[in-house]
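One structure below.
The values are calculated or read from the model by the stated rules, or taken from the named source; none is laboratory data. A quick note: this is a predicted structure, and the numbers were derived from the prediction, not measured. Here the Cβ positions follow ideal geometry from the backbone for every residue, glycine too, while neighbour counts run over all protein chains shown.
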Amino acid sequence: MGAVRAVVFDTDGVLLATAARHAAAWKETFDGCLAAWQHPDTGERPRPFDAVRDYRELVDGRSRLDGVRAFLTARGIDLPDGTAQDPPGCGSAHAVAARKEQIFSAMVRAEGVEVFDDVRPALLRLREMKVGCAAASASRHARSLLASADLTGFFGALVDGTDADALALPGKPAPALFLEAADRLGAGPGHTALVEDALVGVDAGRRGRFRLVVGIDRDGDPQTADALRAHGAHLVLPGLGGLPAALAALGGDRP
């Protein structure tokens, strides 16, 4: 393997400051269903959603439906899977996923989207270095959010949740989404860096054998940094500011 010629970026939490909004939407989604999910005999309700720990361990980086399934499994809640036509509600996994979509969409319409300050300078520097860039996300919102943030011009390829559904790509930790983005840039994983903030996404980068897997820890939490490394990050950065220099310094095979 040689030097990095391309970079695939996750969107939420890496490019866009939407992670906290996703966490809040998930909490509203799940906690609003707890009464419907209480035990029929004891009346005991499942434990509320933890917007920090449960977000990172169960839903961050996953598709909405996979996130719902992970939470239901973790809480021992037995719901039918339902169908994609189910309206927002609490009676099936698809209904809960639609409920989250409804809540998150309302938040975006009301609050807009914020780009991290280090994103544009890093993307401009990578353009000067002639490093191809792609954005990838399990979210169907990614394309419209990047467009509203005026970032799409920086990317030679974009793969989002709509593409994943059309191509039947398995969700993270399978690396298919990121491999598709790298392929659209014309660079295999052996010449591509992956930049992710979610543990399941970093795990996908490791499984996909990307040249470099960069974990982003914007909160500066040592436990988060350790977890990112444990899941497969070769390098953990506090943001994108140091990414161009890290790529420029990278040569030959990684250890």
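Are there any pairs, at least 6 apart or on different chains, whose C-beta atoms fall under 6 Å, with the first in segment 17-39 and closer than 25 Å to residue 142 by Cβ and the second surrounded by fewer than 18 Cβ atoms within 10 Å (Cβ to Cβ) and among the acidic types (Asp, Glu), and if so, which?
17/114
Could you tell me which of the residues 251, 186, 190, 205 is more than 14 Å from residue 7 (Cα to Cα) and either modelled with pLDDT of 95 or more or out of contact with any helix residue (DSSP H, G or I) (no Cβ under 6 Å at 6 or more places or on another chain) (or both)?
251
Select from segment 208-226 the residues that are in contact with a helix residue (DSSP H, G or I) (Cβ under 6 Å, 6 or more places away or on another chain) and closer than 23 Å to residue 17 by Cβ and list them in ascending order.
213, 215, 217, listed by residue number.
Here is a yes/no grid of residues against (1) at pLDDT below 95; (2) among the basic types (Lys, Arg); (3) more than 23 Å from the chain's Cα centre (by Cα):
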{"position": "73", "(1), (2), (3)": "no, no, no"}
{"position": "76", "(1), (2), (3)": "yes, no, yes"}
{"position": "82", "(1), (2), (3)": "no, no, yes"}
{"position": "91", "(1), (2), (3)": "no, no, yes"}
{"position": "97", "(1), (2), (3)": "no, no, no"}
{"position": "100", "(1), (2), (3)": "no, yes, no"}
{"position": "104", "(1), (2), (3)": "yes, no, no"}
{"position": "112", "(1), (2), (3)": "yes, no, no"}
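How many of the residues in segment 164-173 are within 17 Å of residue 101 (Cβ to Cβ) and either buried (at least 20 other Cβ atoms within 10 Å of the Cβ) or touching an Asp or Glu at 6+ places or on another chain (Cβ under 9 Å) (or both)?
Qualifying residue count for the region: 2.
State the number of residues belonging to segment 174-185 that are surrounded by 22 or more Cβ atoms within 10 Å (Cβ to Cβ) and over 13 Å from the mean Cα position of the chain (by Cα).
So the count comes out to 3.
Quick check on this structure: which one of 6, 98 is small (Gly, Ala, Ser), in contact with a His (Cβ under 8 Å, 6 or more places away or on another chain) and crowded, with 18+ Cβ neighbours inside 10 Å?
Going through 6, 98 in turn, just one is small (Gly, Ala, Ser), in contact with a His (Cβ under 8 Å, 6 or more places away or on another chain) and crowded, with 18+ Cβ neighbours inside 10 Å: 6.
Could you go through segment 193-201 and let me know if any residue there is assigned to a helix (DSSP H, G or I) and crowded, with 23+ Cβ neighbours inside 10 Å.
yes
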